[in-house]
1. Per residue, how many Å² of accessible area does the chain show with a 1.4 Å probe?
2. May I ask for the distance between the Cα centers of the range 36-50 and the range 101-164, given as a whole number of Å?
3. Which order, highest average first, do 125-132, 56-63 follow once you tally other Cβ atoms within 10 Å for each residue and take the mean per peptide?
4. Tally up the carbon and sulfur contribution to the accessible surface of the chain as a whole percent, 1.4 Å probe, everything protein left in place.
5. With an 8 Å cut-off on Cα pairs and a minimum separation of 6 or more residues, tell me the relative contact order of the chain in percent.
6. Are any of the pairs K74/K156; K46/K79; K58/K79; K2/K156; K25/K47; K46/K74 more than 27 Å apart by Cα-Cα distance, and if so, which?
7. Per DSSP helix of 4 or more residues, -39500 (n - 2.57); summed, then divided by the residues of the chain. What does that give at 222 nm, rounded to the nearest 500?
8. Using 1/(1 + (r/R0)^6) with R0 = 25 angstrom and r between the beta carbons of D3 and L157, what's the FRET efficiency to the nearest 0.05?
Amino acid sequence: MKDKVFGIYPDNVAAEQIIHTKHVKALTPEGFREACMLDIDPDFHKKLEKGRIMIAGKNFGCNSSREWAPASLKYSDVKLIIAESFARIFFRSAINIGLLILECPGISRFCNVEDELEVDFSTGQVRNLTQGTALSGMVLPEFLLDIMTAGGLMNKLAAEMEGK
């Protein structure tokens, strides 16, 4: 996967900051998209014009068990989130809905907005094509990588049912 970084976010961004219920007007992809990141970055959607890779610090997506936070990012057309670390529930919810994520210690200091990154999920390798550097992230177990790259758990199960 290759694209540009559009934003770099701090440690401990809570799920409620990614999408707060006070902003959700409809429980639809469009409703989630419109409410995404309003409390932490009002220019979020404008920044997405520059690229589709989001960088975050430690504990991204903490404090909530709802799938709303990863879903709102996916519906906003974020292609990949690379974070120092994810809150565990956000991490698994993102995989289950097919939002591409990668844990990569040091990523916050590794790149800048508008740098072009290339990620190989099978090795966890993140290459900064703009700066000519590389960093190693976490390699997901094959079954989780399969779910995430299939577009989520339901897509993976549907494909398996069709194959039998």
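The values are calculated or read from the model by the stated rules, or taken from the named source; none is laboratory data. Since the model is a prediction, treat every value here as computed from it, not as a measurement. Note that each Cβ is placed from the backbone with ideal geometry, even for glycine, and that neighbours are counted across all protein chains shown. Ligands, DNA and RNA are excluded from the accessible area calculation, which covers all protein heavy atoms including side chains. Shrake-Rupley method; radii C 1.70, N 1.55, O 1.52, S 1.80 Å.
1. Dividing the accessible area of the chain by its residue count gives 50 Å².
2. About 22 Å separates the Cα centre of the range 36-50 from the one of the range 101-164.
3. With the highest mean Cβ count within 10 Å placed first, the list reads 56-63, 125-132.
4. On the way: 4120 of 8120 Å².
C and S atoms contribute 51 percent here.
5. Values: 350 pairs, mean separation 37.1, N = 164.
Rounded, it is 23 percent for the chain.
6. In this structure, not one pair exceeds 27 Å between Cα atoms.
7. -8500 deg cm²/dmol
8. On the way: r = 28 Å, r/R0 = 1.12.
That pair, D3 with L157, gives E of 0.35.
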